[in-house]
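S.K.: Dumping the structure here so I can ask a few things about it.
Throughout, read-outs are computed from the coordinates displayed, never taken from laboratory work. Keep in mind that this is a model prediction, so the values were computed, not measured. Note: ideal-geometry Cβ built from the backbone for every residue, glycine included; neighbour counts use all protein chains shown.
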Amino acid sequence: MERIKYLHETNKNIIITGTPRAGKSTVAFETCKKLRYNLIQLDSIVEAIKKAYSDFKVVKSSDGIMEVDKFTPFLIEYLKELNDHTPRKKGINYVIEGSDIDLNEFYKYFTVDDFIVVGICYPNKTAEDIYKTMKKYDTILDWTYYLNDNELLNYSEALVSRNKLFEESFRKHNITYYDVSHDRSSILKQIEYDIELKAKSR
């Protein structure tokens, strides 16, 4: 399948992906403020499509990992539009943040030079660690805040599996990724700094 070719003299759009609750949104917000990029959160797009189209299904596999069966083709086309050289030459750039990016499909259409792609996960945390962290830090702005203890523990167990899959995918595609299992705040600051350097070096 032919890859899409883009002009590389312009700034690159940034993709921040990885496990839910890893700090992607935090990094995306700060990066947008520093670089004056536009923010796109894929969760909002998924929710809007679900509400607009009743046949758009979000399913869970046997290991509890969410799969959005009809989202990937739409996302690929959407990223092509965002990465068009015309808006980029006019100084319009984006930070795209979310977990629902199938990297195997993504790299059928894009090359490593088309975007700055950064991964974040926490593969060295246990389900109990994840559960305790969410219990401690969740606020009313987090959807997991409204889960009961049993639901939250089940979700934490699913995230253990998802972390491993993300780490494997990052390694497979040679994506720079960060493990925020420990010292999360400091590492998130380091990610913001590294992204800023990469963006300014283009």
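S.K.: Length gain on complete extension for the stretch ALA127 to LYS80, per 0.36 nm per residue less the alpha carbon to alpha carbon distance?
M.R.: Taking 0.36 nm per residue and subtracting the Cα distance, the gain is 13.3 nm.
S.K.: Still on this structure: Take the chain, connect every pair of alpha-carbon atoms lying under 10 Å apart with a spring to form a Gaussian network, then pick out the residue of TYR146, TYR131, TYR122 with the largest mean-square fluctuation.
M.R.: Evaluated over the chain, the most mobile residue of the options is TYR146.
S.K.: With springs only between Cα atoms under 10 Å apart, run a GNM on the chain and tell me which of LEU165, LEU147, LEU103 wobbles the most.
M.R.: Its mean-square fluctuation being the largest, the pick is LEU147.
S.K.: Using Cβ counts within 10 Å as a stand-in for footprinting exposure, how do THR17, THR26 rank, fewest first?
M.R.: THR26, THR17
S.K.: Also, quick follow-up: Among LYS51, LYS70, LYS164, which one shows the highest mean-square fluctuation when the chain is modelled as a Gaussian network with alpha-carbon springs under 10 Å?
M.R.: Maximum fluctuation in the GNM of the chain, among the listed residues, is at LYS51.
S.K.: Follow-up question, since we're still on this one. Wrap a convex hull around the Cα atoms of the chain, take a quarter of its surface area, and give that in square nanometres.
M.R.: Projected over every direction and averaged, the Cα hull of the chain covers 12.0 nm².
S.K.: How are the Cα pair distances of segment 131-202 distributed, in percent, across 10 Å bins from 0?
M.R.: 16, 34, 35, 13, 1
S.K.: Taking amide H atoms as placed 1.01 Å from N in the peptide plane, list the residues 5 or more away in sequence, or in a different chain, whose amide H sits under 5 Å from that of VAL117.
M.R.: Hits under the 5 Å cutoff: ILE15.
S.K.: Residue by residue, what Karplus-based ³J(HN,Hα) values in Hz, rounded to whole numbers, does segment 111-125 have, using 6.51, -1.76 and 1.60 with θ = phi - 60° and x for Gly and Pro?
M.R.: Working through the residues one at a time gives 9, 5, 8, 7, 9, 8, 10, 10, x, 9, 8, 9, x, 9, 9 Hz.
S.K.: In nm, give the distance between the simple-model label positions of ILE49 and ARG36, each being 7 Å from the Cα along the Cα-to-Cβ direction.
M.R.: In this crude label model, ILE49 to ARG36 measures out at 3.2 nm.
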